[in-house]
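The values are calculated or read from the model by the stated rules, or taken from the named source; none is laboratory data. Note that the structure is a prediction, hence the values are computed from the model and not measured. Virtual Cβ from ideal backbone geometry, glycine too; neighbours counted across all protein chains shown.
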Amino acid sequence: MNDTLKYAAIDLECATSDVGNICEIGLVIMENGKEIFSFRSLVRPVVPVFGDWQRWNLSYSLRDTLSAPSFSEVWSRVSDQIKGVPLIAHNASQVECKHLGHAFSHHQMQDESAAPFYCTLELARKAWPDIEKHGIKSLARLFDWELDHHNPESDARVCSAVVERIASENGTQSWDELVAKNQWQRHSIPQFQNRLIVRAKHASPKKRSDYIQDLITWKPTLKLDTMAKGQSYVISGFDNAQKQELRMRGSKAGLMNRRSVNPRVDFLVADEKMGAAKYGRCLEYKIPIISKEEFLSQLPALENE
């Protein structure tokens, strides 16, 4: 019986569309409203390829993941911490349960699949039926939770925020009480007879030019008055190599790179064309947009402070 409100929130990123081809893990453990453990690590994918979405959206490269430890090595670092602790994830039954099931099978770790799993997407829909969208981004925006989407530790932390808010609204003090009050369904990590089935079509890597139709020409929003250490920014429209260069330069100058646009972002750095969704959010949240040249021209002053 779990008479405390202790659980582990987990989120995974995958290198391809192959189920179980995990390339990054994020984990947050909560106990009675306090975060007691957090973890994030790259994982060496079983299928050593990045899909097009991964090349375009993740902040690291395939090369980075190929030098990372295997899934079994990474899991061994957290297995003692989560032993006997319920796991949660957003859309767990359709995503994390299946990915972990295949990964455990491939690495012959079936004994690890006994952990109970619960879905925060299902919990949010039960608790807040009047909310239009229950996706992780929508909930973070609605409740003003900080989210660096597709950073699995950040995604996991938002999952824990869902649980903590609902527990507070219900006045629940223990995990068992939370599950019972919300009739929250328990899921199991499936076991698979066969090892990871490779279904990904490994086409040649796409270049930025392949995505031109998804990008739009932008017009200035607000003027960025000053750039200061500690400000957060987003990059849009550049290829992965350029993004990595800009992130490194920004980090050296004391700036914080974010992957998604939210009201707390101070400015966005865009190429001649940028993502339509990010541009729309900059207009909505009145976030300044600057060019690469403007960005780089202001960094030396910050670096010398």
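If you scan the range 52-76, which residues turn out to be under 20 Å from the mean Cα position of the chain (by Cα), farther than 25 Å from LEU139 by Cβ and either among the aromatic types (Phe, Trp, Tyr) or part of a helix (DSSP H, G or I) (or both)? Outline the logic, then answer.
Taking the range 52-76 first, the residues under 20 Å from the mean Cα position of the chain (by Cα) are 52-66, 68-71, 74-75.
Right, trim to farther than 25 Å from LEU139 by Cβ and you get 52, 55, 60-66, 68-71, 74-75.
Across the range 52-76, the qualifying residues are ASP52, ARG55, TYR60, LEU62, ARG63, ASP64, THR65, LEU66, PHE71, VAL74, TRP75.
Consider ALA89 against the criteria (1) closer than 26 Å to ILE235 by Cα; (2) in contact (Cβ under 8 Å) with a residue 60 or more places away in the chain; (3) buried (at least 23 other Cβ atoms within 10 Å of the Cβ); (4) out of contact with any Lys or Arg (no Cβ under 9 Å at 6 or more places or on another chain): it satisfies all of them except one. Which criterion is unmet?
(1)
Look through the range 4-17, keep the residues that are part of a loop (DSSP other than H, G, I, E, B) and touching a Phe, Trp or Tyr at 6+ places or on another chain (Cβ under 8 Å), and return whichever of them is surrounded by the most Cβ atoms within 10 Å (Cβ to Cβ). Talk me through it step by step, then tell me what you get.
Initially, the range 4-17 is screened for residues part of a loop (DSSP other than H, G, I, E, B), giving 4-5, 15-17.
In the following step, the residues that additionally are touching a Phe, Trp or Tyr at 6+ places or on another chain (Cβ under 8 Å) were identified as 4-5, 15-16.
Working: THR4: 11, LEU5: 20, ALA15: 25, THR16: 22.
Looking at the filtered set, the residue picked out is ALA15.
Among the small types (Gly, Ala, Ser), in the same structural domain as GLN173 (by TED's automatic domain parsing), crowded, with 17+ Cβ neighbours inside 10 Å and at positive phi: which single residue out of GLY84, GLY33, GLY20, GLY26 fits that description?
The conditions single out GLY20.
Taking LYS98 as the residue in question, decide whether it is touching a helix residue (DSSP H, G or I) at 6+ places or on another chain (Cβ under 8 Å), outside the structural domain of VAL265 (by TED's automatic domain parsing) and either in a helix (DSSP H, G or I) or surrounded by 14 or more Cβ atoms within 10 Å (Cβ to Cβ) (or both).
Here the answer is no, as LYS98 does not meet what is asked.
For the range 139-197, which positions are small (Gly, Ala, Ser), farther than 21 Å from ILE36 by Cβ and in a loop (DSSP other than H, G, I, E, B)?
Within the range 139-197, GLY171, SER188 qualify.
Can you say whether VAL269 is among the β-branched types (Val, Ile, Thr) and within 19 Å of ARG141 (Cβ to Cβ), as far as the supplied structure shows?
Judged against the criteria, VAL269 is not a match.
Quick check on ALA68: is it surrounded by 20 or more Cβ atoms within 10 Å (Cβ to Cβ) and in the same structural domain as ILE136 (by TED's automatic domain parsing)?
no
May I ask you to verify whether PRO48 is assigned to a loop (DSSP other than H, G, I, E, B), farther than 30 Å from ALA167 by Cα and touching a strand residue (DSSP E or B) at 6+ places or on another chain (Cβ under 8 Å)?
Taking the combined requirement at face value, the residue does not satisfy it.
Among residues belonging to the range 230-282 that are of a type in the set (Gly, Ala, Ser), at pLDDT 90 or above and in a loop (DSSP other than H, G, I, E, B), point out the one that is farthest from ASN151 (Cα to Cα).
Within the range 230-282, the match that is farthest from ASN151 (Cα to Cα) is ALA253.
Scan the range 140-160 residue by residue and report those that are surrounded by fewer than 18 Cβ atoms within 10 Å (Cβ to Cβ) and of a type in the set (Asp, Glu).
Once the filter is applied, which keeps residues that are surrounded by fewer than 18 Cβ atoms within 10 Å (Cβ to Cβ) and of a type in the set (Asp, Glu), the range 140-160 yields ASP144, GLU146.
For the range 17-66, enumerate the residues that are out of contact with any Asp or Glu (no Cβ under 6 Å at 6 or more places or on another chain), among the acidic types (Asp, Glu) and closer than 27 Å to SER105 by Cβ.
Selection gives ASP18, ASP52, ASP64.
State whether the residues of the range 108-118 include one that is in contact with a Lys or Arg (Cβ under 7 Å, 6 or more places away or on another chain), under 30 Å from VAL78 (Cα atoms) and modelled with pLDDT under 90.
no
Any residue at all in the range 123-136 that's closer than 14 Å to TYR7 by Cβ and either touching a residue at least 24 places away in the same chain (Cβ under 8 Å) or in a helix (DSSP H, G or I) (or both)?
Filtering the range 123-136 down to residues closer than 14 Å to TYR7 by Cβ leaves 123.
After this cut, where a residue has to be either touching a residue at least 24 places away in the same chain (Cβ under 8 Å) or in a helix (DSSP H, G or I) (or both) as well, the list is 123.
Checking the range 123-136: at least one residue is closer than 14 Å to TYR7 by Cβ and either touching a residue at least 24 places away in the same chain (Cβ under 8 Å) or in a helix (DSSP H, G or I) (or both).
For GLU177, are the conditions met, namely being in contact (Cβ under 8 Å) with a residue 60 or more places away in the chain and among the acidic types (Asp, Glu)?
Considered against the rule, which asks whether it is in contact (Cβ under 8 Å) with a residue 60 or more places away in the chain and among the acidic types (Asp, Glu), GLU177 comes out as no.
Can you tell me which residue is farthest from SER138 (Cα to Cα) among those in the range 272-293 that are touching a residue at least 60 places away in the same chain (Cβ under 8 Å) and among the charged types (D, E, K, R)?
From the range 272-293, those touching a residue at least 60 places away in the same chain (Cβ under 8 Å) are 273, 275-276, 279, 282-283, 286-290; that's our starting set.
Now drop any that are not among the charged types (D, E, K, R), which leaves 273, 286.
Working: LYS273: 25, LYS286: 19 Å.
So, considering only residues that are touching a residue at least 60 places away in the same chain (Cβ under 8 Å) and among the charged types (D, E, K, R), the one farthest from SER138 (Cα to Cα) is LYS273.
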